[in-house]
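One structure below.
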Amino acid sequence: MKDMLKAQTSGEPLWIFAYGSLICNPLFHYGERQLAVLDGWHRSFCIRLILGRGSVEQPGRMLALEPGGSTSGLAYRFHQDNLENELKLVWMREMVGGLYQPEWGDVTLHDGQTVRAIIFTAKPGHLFYEKDSSPDTVIPYISAACGNLGRNRDYVLRLDDSLRRYGIVDEYIHGLADHLRTGAPSN
């Protein structure tokens with residue numbers, strides 16, 4: 001976290017790009033929130049999940065960003081006066097187990113402004129990284145997985161509901177959620 005803060009452009013506000021659970025439930029205070037687009041990255045259930053909404057016996061899948069495409073989400077601007085404490089909340093939540101690689105990405109806000117924001121990308125070299133995140137592969141895992149935070153499928157459905165509420169279209173997430181709700185083909 002400290003390294004990311006050192007790389008922050010001096011005098012610029014700190015933004016974070018939300019594409020998954022931070023959309024549904026940010027758990028931190030922020031000064032501004034806008035719809036935003038991150039080019040060059042897409043959502044992917046590419047991380048094997050053995051805690052929270054999965055287990056060793058019945059692993060699920062967790063969302064990350066992978067190269068390619070474009071992702072619509074939310075950008076949050078932190079208050080400068082309590083920045084480190086609020087960012088610590090994000091770090092404790094998102095960086096457990098070192099599953100993500102935090103990076104800086106250029107995000108286009110709904111108002112047309114482009115800002116640098118912290119993004120959380122997949123780490124392909126990580127033990128829990130799964131190369132195949134296609135719907136046919138991940139649906140059986142997501143459907144069956146459950147852990148101390150609940151069912152993996154509930155996370156996907158909640159994310160889909162949140163995206164739709166903000167008017168964010170993501171065919172990958174919508175297709176997975178439609179399948180989980182109805183059993184219909186994901187494609």
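Compute the length gained on full extension between Asn85 and Glu57: take 0.36 nm times their separation in residues and subtract their Cα-Cα distance, giving the result in nm to one decimal.
Numbers: separation 28, 0.36 × 28 = 10.08 nm, distance 3.54 nm.
Value of the extension gain: 6.5 nm.
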Handout entry: Average accessible area per residue (Å²) across the stretch 27-169 - probe 1.4 Å, nucleic acids and ligands excluded
Key = 49
Problem - Ellipticity estimate at 222 nm from DSSP helix runs (n ≥ 4, -39,500 (n - 2.57)) divided over the chain, nearest 500 - result: -9000 deg cm²/dmol
Problem - Computed log₁₀ I(q)/I(0) - Debye formula, equal Cα scatterers, no solvent, the stretch 94-187, q 0.12 Å⁻¹ - result: -0.51
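Please report, in debye to the nearest 20, how large the charge dipole of the stretch 30-187 is about its Cα centre when each Lys and Arg carries +1 at its beta carbon and each Asp and Glu carries -1 there.
400
In whole percent, and with a 1.4 Å probe on the protein chains, what portion of the accessible area of the chain is carbon and sulfur? Working shown, then result.
Numbers: 4830 of 9160 Å².
Accessible surface attributable to carbon and sulfur in the chain totals 53 percent.
Below 8 Å, C-alpha to C-alpha, sequence gap of six or more: please give me the relative contact order for the chain in percent. Walk me through the numbers before you get to the answer.
Numbers: 351 pairs, mean separation 49.7, N = 187.
Taking the mean separation of contacting Cα pairs over the length of the chain, I get 27 percent.
Can you tell me which of 55-61, 16-22 comes out highest on packing, and rank the rest after it, using the mean Cβ neighbours within 10 Å? Numbers along the way, then the final one.
Values: 55-61: 17.3, 16-22: 22.3.
Top to bottom by mean Cβ count within 10 Å: 16-22, 55-61.
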Problem - the stretch 36-104, dipole about Cα centre (Lys/Arg Cβ +1, Asp/Glu Cβ -1), debye to the nearest 20 - result: 280
Handout entry: Nearest 10 degrees, 0 to 90: helix 83-94 Cα axis against the chain principal axis
Key = 20
Handout entry: Whole-angstrom gap from the stretch 101-122 to the stretch 133-176, using each part's C-alpha centre
Key = 23
Exercise for the section: Run the quick spin-label model on Asp39 and Asp132: label points 7 Å from Cα toward the beta carbon, then report their separation in nm to one decimal. Expected result: 3.3
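Between Asp3 and Asp111, how high is the FRET efficiency from 1/(1 + (r/R0)^6) when r is the Cβ-Cβ distance and R₀ = 30 Å? Nearest 0.05. Spell out each step's value before the answer.
Working: r = 29 Å, r/R0 = 0.97.
Efficiency computed from Cβ-Cβ geometry: 0.55.
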Exercise for the section: For the chain, find the longest principal axis of its Cα atoms and tell me its angle to the long axis of helix 135-144, 0 to 90°, nearest 10. Expected result: 80
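Taking every pair of distinct Cα atoms and averaging 1/r, then inverting, what Kirkwood hydrodynamic radius in Å comes out for the chain? List each step's numbers first, then the result.
Details: mean 1/r = 0.0593 Å⁻¹.
Every distinct Cα pair counted, the radius reaches 16.9 Å.
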Exercise for the section: Considering the options Gln34, Leu14, Leu159, tell which one lies farthest towards the positive end of the dipole of the chain, charges being +1 on Lys and Arg and -1 on Asp and Glu at the Cβ, about the Cα centre. Expected result: Leu159
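The values are calculated or read from the model by the stated rules, or taken from the named source; none is laboratory data. Nothing here was measured: the structure is a model prediction, and the numbers come from that model. Backbone-built Cβ (ideal geometry, glycine too); neighbour counts: all protein chains shown. The area values use the complete protein model at the heavy-atom level, side chains included, leaving out ligands, DNA and RNA. Shrake-Rupley method; radii C 1.70, N 1.55, O 1.52, S 1.80 Å.
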